[in-house]
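Asker: Handing you a structure now.
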Amino acid sequence: MKNIFLLVIMLTLSTYQLYSQIYVGAKVGLAPSLLSYESLPNHKSGLTFFNPMIGVMAEVPIVYGFSIQPEVQFVKRSTNLKAITSGDKAKSVIKQGDYFSDFSLDNLAREEDHYNGFAEPTEQFQLPDLYENMSINLNYLEGHLMFKYEFIGGGSGLYVEAGPYYAIGIGSKGTSTLVNSNNKKSADKQLTNIDGSLTENYTDLINSYTDVYKLKFEPFKGDKAEHVYKKSDLGLAFGAGLYKELGSSRMYFDLRVLMGLQNMNNKPNTSSTIKSRSVQISATYLFPLGE
């Protein structure tokens, strides 16, 4: 048994010498993605398409079309959360009612009328129920270890691949847009910002009252209680594509599906889960190392 085991090792090593030309290169592409929410009763999660990705990789042939492909890449993942604005699931973040800016628009108003805590007639305005649409953007460095098999056929062919990936978050951004029950961003009449200027846009209005509701946030930092995300992600990638030999170099056209396995929800005291779902479409140029 020992001799057989040694023979297998020797054959593997000798075959590796025949197919051991290592390739290195770079890839660029897009990563359409969304976040899959197990429990998100007041919003619908939507796919985003134009998420850039760029990376470097190596291809280490093993034997007869099989190779190992380590990669490091920067990728943006994102999702759009559209508020449900009608029915039992609708939940407004700003309630319908009368509001005031405490900054009079009347040029004849006395200076003591400004910021005095009383709602003079020229400071008052009305708001409908407002709902929150959100855009979540997460930036990652991803490491992939793909196991690939090429159906060798002359200077071009097909391949399939699979392997794990691990991602580390390097930045995040969340922005909110307020809409009324008709999904309109603006009112039909003038609204008064806190400094007395006029606007028709609900988001601009609430942004001027910075302590009312947080419309810009960083999900990795957890500065919006309902949307706190872990910086790490772990999952599996599956793909297929075409390759074309260009002299001693190669071009790859790759389609890959990523299924996150880790719950990314970092909100305390909750059992709901958030998992990443992504597709990566890329073009890769590889050249032989040492030539």
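The values are calculated or read from the model by the stated rules, or taken from the named source; none is laboratory data. Small disclaimer: the values here were computed from a predicted structure and weren't measured. Here the Cβ positions follow ideal geometry from the backbone for every residue, glycine too, while neighbour counts run over all protein chains shown.
Asker: Among the residues in segment 96-113, are any modelled with pLDDT of 90 or more and either exposed (fewer than 15 other Cβ atoms within 10 Å of the Cβ) or small (Gly, Ala, Ser) (or both)?
Answerer: Narrowing segment 96-113 to residues modelled with pLDDT of 90 or more: 96-97.
Still in the running and either exposed (fewer than 15 other Cβ atoms within 10 Å of the Cβ) or small (Gly, Ala, Ser) (or both): 96-97.
Yes, segment 96-113 contains at least one residue that is modelled with pLDDT of 90 or more and either exposed (fewer than 15 other Cβ atoms within 10 Å of the Cβ) or small (Gly, Ala, Ser) (or both).
Asker: Can you tell which of ASP195, ASP188 is assigned by TED's automatic domain parsing to the domain that holds SER248 and either in contact (Cβ under 8 Å) with a residue 60 or more places away in the chain or buried (at least 17 other Cβ atoms within 10 Å of the Cβ) (or both)?
Answerer: Working: ASP188 fails: either in contact (Cβ under 8 Å) with a residue 60 or more places away in the chain or buried (at least 17 other Cβ atoms within 10 Å of the Cβ) (or both).
Result: ASP195 is the single residue among ASP195, ASP188 that is assigned by TED's automatic domain parsing to the domain that holds SER248 and either in contact (Cβ under 8 Å) with a residue 60 or more places away in the chain or buried (at least 17 other Cβ atoms within 10 Å of the Cβ) (or both).
Asker: Let me ask something additional. If I filter segment 55-87 down to residues being part of a strand (DSSP E or B) and among the polar types (S, T, N, Q), which single residue comes out as nearest to ASN137 (Cα to Cα)?
Answerer: Across segment 55-87, the extreme among qualifying residues is SER78.
Asker: Quick one: which residue in ASN80, ASN137, ASN42, ASN51 is under 20 Å from ASP233 (Cα atoms), out of contact with any Gly (no Cβ under 8 Å at 6 or more places or on another chain) and at pLDDT 85 or above?
Answerer: Numbers: ASN80 fails: out of contact with any Gly (no Cβ under 8 Å at 6 or more places or on another chain); ASN137 fails: out of contact with any Gly (no Cβ under 8 Å at 6 or more places or on another chain); ASN42 fails: under 20 Å from ASP233 (Cα atoms).
After ruling out the rest, the residue left standing is ASN51.
Asker: Regarding segment 172-182, can at least one residue be identified that is small (Gly, Ala, Ser) and free of Cβ contacts under 8 Å to residues at least 40 places away in the same chain?
Answerer: Looking only at segment 172-182, we keep the residues that are small (Gly, Ala, Ser), and these are 172, 174, 176, 181.
Those still in the list that are free of Cβ contacts under 8 Å to residues at least 40 places away in the same chain too: none.
No, every residue in segment 172-182 fails to be small (Gly, Ala, Ser) and free of Cβ contacts under 8 Å to residues at least 40 places away in the same chain.
Asker: Enumerate the pairs (first residue in segment 210-226 and under 14 Å from VAL93 (Cα atoms) and touching a residue at least 24 places away in the same chain (Cβ under 8 Å); second residue anywhere and part of a loop (DSSP other than H, G, I, E, B) and among the hydrophobic types (A, V, I, L, M, F, W, C)) with beta-carbon separation below 8 Å, excluding pairs fewer than 6 apart on the same chain, so at least 6 apart or on different chains.
Answerer: Taking only residues 6 or more apart or on different chains, the pairs are TYR213/VAL93.
Asker: Which strands (runs of 3 or more DSSP E) does segment 198-291 wholly contain that include 1 or more residues that are within 17 Å of the chain's Cα centre (by Cα) and not assigned by TED's automatic domain parsing to the domain that holds GLU161? Give the derivation first.
Answerer: Working: elements: 198-201, 232-246, 249-260, 274-288.
Here the list is empty.
Asker: Can you confirm whether VAL179 is surrounded by 15 or more Cβ atoms within 10 Å (Cβ to Cβ), in the same structural domain as LYS76 (by TED's automatic domain parsing), under 22 Å from VAL93 (Cα atoms) and modelled with pLDDT of 95 or more?
Answerer: Numbers: surrounded by 15 or more Cβ atoms within 10 Å (Cβ to Cβ): yes; in the same structural domain as LYS76 (by TED's automatic domain parsing): yes; under 22 Å from VAL93 (Cα atoms): yes; modelled with pLDDT of 95 or more: yes.
Criteria met by VAL179.
Asker: Looking at TYR64 and the list (1) surrounded by 14 or more Cβ atoms within 10 Å (Cβ to Cβ); (2) of a type outside the set (Val, Ile, Thr); (3) at pLDDT below 90, which single condition is not satisfied?
Answerer: (1)
Asker: What number goes with the only condition from (1) exposed (fewer than 13 other Cβ atoms within 10 Å of the Cβ); (2) free of Cβ contacts under 8 Å to residues at least 24 places away in the same chain; (3) under 30 Å from LEU40 (Cα atoms) that SER272 does not pass?
Answerer: Among (1) exposed (fewer than 13 other Cβ atoms within 10 Å of the Cβ); (2) free of Cβ contacts under 8 Å to residues at least 24 places away in the same chain; (3) under 30 Å from LEU40 (Cα atoms), SER272 violates only (2).
Asker: If I ask for residues that are surrounded by fewer than 21 Cβ atoms within 10 Å (Cβ to Cβ) and either of a type in the set (Val, Ile, Thr) or modelled with pLDDT of 90 or more (or both), which ones from segment 276-291 would you list?
Answerer: Of the residues in segment 276-291, the ones surrounded by fewer than 21 Cβ atoms within 10 Å (Cβ to Cβ) are 277, 279, 281, 283, 285, 287-291.
Listed by number, the residues that qualify are ARG277, VAL279, ILE281, ALA283, TYR285, PHE287, PRO288.
Asker: Looking at PHE253, PHE238, can you tell me which residue is free of Cβ contacts under 8 Å to residues at least 40 places away in the same chain, surrounded by fewer than 20 Cβ atoms within 10 Å (Cβ to Cβ) and closer than 21 Å to PRO52 by Cα? Talk me through it step by step, then tell me what you get.
Answerer: Details: PHE238 fails: free of Cβ contacts under 8 Å to residues at least 40 places away in the same chain.
Testing whether each residue is free of Cβ contacts under 8 Å to residues at least 40 places away in the same chain, surrounded by fewer than 20 Cβ atoms within 10 Å (Cβ to Cβ) and closer than 21 Å to PRO52 by Cα leaves just PHE253.
Asker: Now for a separate question. Going through segment 198-216 one residue at a time, which ones are touching a strand residue (DSSP E or B) at 6+ places or on another chain (Cβ under 6 Å), under 28 Å from LYS275 (Cβ atoms) and either surrounded by 16 or more Cβ atoms within 10 Å (Cβ to Cβ) or of a type in the set (Phe, Trp, Tyr) (or both)?
Answerer: Hit for segment 198-216 is LEU215, nothing else.
Asker: Can you name every residue in segment 67-85 that is hydrophobic (A, V, I, L, M, F, W, C), farther than 21 Å from GLU226 by Cα and surrounded by fewer than 16 Cβ atoms within 10 Å (Cβ to Cβ)?
Answerer: Looking only at segment 67-85, we keep the residues that are hydrophobic (A, V, I, L, M, F, W, C), and these are 68, 72, 74-75, 81, 83-84.
Restricting the remaining residues to those that are farther than 21 Å from GLU226 by Cα gives 68, 72, 74-75.
Matches in segment 67-85: ILE68, VAL72, PHE74.
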